[in-house]
Amino acid sequence: MDQIVDFNPEDFDVTVQPGVTRKGLNHFLKDHGLWFPVDPGADASLCGMTATSASGTNAVRYGTMRENVLNTEIVLADGRIFCTAGNGRRSKKSSAGFNLTNLFVGSEGSLGFITKTTLKIYGIPEMMVSAVCAFPTVKAAVDVCVQVLQSNIPIARIELMDDVAMEMCNNHNKLDYEVAPTLFLEFHGTEESVKSQAKFAAEIADYNGGSQFRWAYETEERNRLWKARHDIYWTVLQSNPGCRAIVTDVCVPITCLPDLIAQTKSDIQQSGIIGPCLGHVGDGNFHTFLVFNPNKPEEFKKAENLASRMANRALDLNGTCTGEHGIGIGKMAYLEKEMGPLGIEIMKSIKRTLDPHWLMNPGKIFSSA
Ligand SMILES: Cc1cc2nc3c(=O)[nH]c(=O)nc-3n(C[C@H](O)[C@H](O)[C@H](O)COP(=O)(O)OP(=O)(O)OC[C@H]3O[C@@H](n4cnc5c(N)ncnc54)[C@H](O)[C@@H]3O)c2cc1C
């Protein structure tokens, strides 16, 4: 099931089966001057990305899977097949009844199999330019992000890596970036609009003590820069041989982010655990990779406690325990705190209706019926 089953370039939509991956789709779309921008880094399947409501680096401009899925075909637990927006429907908007499409986006395989997903696609911008800028503190970098958004600059990507992540990234990729909290930015548009967006953002960065922007204009150079950013998970593991990492994924309202990251970094430093911080800061979403040696249970416990404190802090700030990775089995306890008992009961009753025998990914999202 690896086919592009429907393609409407002039309507900007495409329908794919589960075997089609993000990179595979973009390879196909490129010849038509189109692309699908949701980019979690990994070459995930588009139905899998629909199942987890993935997002990643471009979401600040183009939205997450929730904003980009128009319809899905579902095989229910009892074998019946239906389309969440109606058979073959692909209109950009609809007010027809409940939004069943977004019930299945992010359902993590717990309600049915997604056998087709219909996606919004976009024209490839005339110009894409990336830049890297270092800051004296994480707070200054995140403040820039907040001010760029408040100034309504239509930034395509704005990603943070802290000093710990930058050092590993430099060593692993033979790069020579400053070892300091750093923003990776990208601007999309016409030549004129990209220049004006970039100039405005550079002024904001300068005002907050940022270094000169280091530009990447050519596709190859931009790809090298984003590959270093995307590979950071593997970089962290390879920099700490034999170790594993707990990956956290909290997301909060953007104005709460500077304090949350500062508190988190201080907590990590006090614990003695290695924990680089990086994030899709334009969405208020950031990750830490809490490194532990699997042969040292006390390290795992410390990492687990750090992750727990981080999730609880995000919830206390009206945020979520997971911005884009999903609940899985690791975040079930936080889901209860996030949704409250009635929210959980409503979710479980939907699950019972669609999957009465609890066949679809049992043990994920909820521990029991
Ligand atoms: C190095 C790395 C970096 C990543 N960075 C990001 C990031 O920045 N942002 C982000 O959002 N994600 C990130 N991810 C996670 C990635 O987005 C997910 O792996 C992806 O969304 C899920 O797609 P998959 O094909 O890998 O699915 P899988 O990992 O195979 O499955 C994920 C879940 O979806 C369910 N599922 C999969 N396919 C279907 C289907 N067809 N129907 C129903 N249920 C299904 C599975 O049962 C499972 O519960 C990263 C992953 C890696 C490895």
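Structure notes:
- Annotation: residue 344 carries an accessible surface of approximately 20 Å², with a 1.4 Å probe and no ligand, DNA or RNA atoms counted.
- Within the shell of other residues whose beta carbon sits under 11 angstrom from the beta carbon of residue 257, the net charge comes to -2, with Lys and Arg scored +1 and Asp and Glu -1.
- Solvent-accessible ranking of 176, 11, 162, largest area first, probe 1.4 Å: 176, 11, 162
- Among 113, 300, the order of accessible area from largest down is 113, 300, computed with a 1.4 Å probe on protein heavy atoms.
- Solvent-accessible area, 1.4 Å probe, carbon plus sulfur percent, for the stretch 127-233: 49
- Within a Gaussian network of the chain (alpha carbon springs, distance under 10 Å), most fluctuating of 245, 54, 262: 262
- Its convex hull of Cα atoms gives the stretch 4-123 a direction-averaged projected area, equal to a quarter of the hull surface, of 7.0 nm².
- Dividing the mean sequence gap of close Cα pairs (under 8 Å, 6+ apart) by how many residues the chain holds gives a relative contact order of 16 percent.
- Cβ-based charge dipole, the chain, positive-most Cα from 107, 131, 311: 107
- For the chain, a Gaussian network of Cα nodes joined below 10 Å ranks 195, 120, 296 by mean-square fluctuation, and the top entry is 296.
- Extension gain, residue 23-residue 329: 0.36 nm per intervening residue step, less the Cα-Cα distance, totals 107.4 nm.
- Relative contact order %, the stretch 127-233, counting alpha carbon pairs below 8 Å whose residues are six or more apart: 42
- Most mobile of 62, 217, 122 in a GNM of the chain (Cα contacts under 10 Å): 217
- Protein-only accessible surface order, largest first, of 103, 278 at 1.4 Å: 103, 278
- For residue 216, net neighbour charge (Lys/Arg +1, Asp/Glu -1) across residues whose Cβ lies under 10 Å away: -1
- Directionally averaged shadow of the chain, computed from the convex hull of its alpha-carbon atoms, nm²: 18.9
- Based on DSSP H segments of at least four residues, each scored -39500 (n - 2.57), the chain has a per-residue ellipticity at 222 nm of -12500 deg cm²/dmol.
- Residue 199 - accessible surface, heavy atoms, 1.4 Å probe, Å² rounded to 10: 130
- Restricting the chymotrypsin sites (Phe, Trp or Tyr not before Pro) of the stretch 223-283 to loop positions (DSSP other than H, G, I, E, B) with no more than 11 neighbouring Cβ atoms within 10 Å leaves nothing.
- All other residues whose Cβ lies under 15 angstrom from that of residue 112 are scored, Lys and Arg at +1 and Asp and Glu at -1, for a net of +1.
The values are calculated or read from the model by the stated rules, or taken from the named source; none is laboratory data. On a predicted model such as this, the values are computed, not experimentally measured, just so you know. Neighbour counts are summed over all protein chains in view; Cβ atoms, including those assigned to glycine, are modelled from backbone coordinates with ideal geometry. For the accessible areas, the whole protein counts, side chains as well, though only heavy atoms, and no ligand, DNA or RNA atoms are used. Shrake-Rupley method; radii C 1.70, N 1.55, O 1.52, S 1.80 Å.
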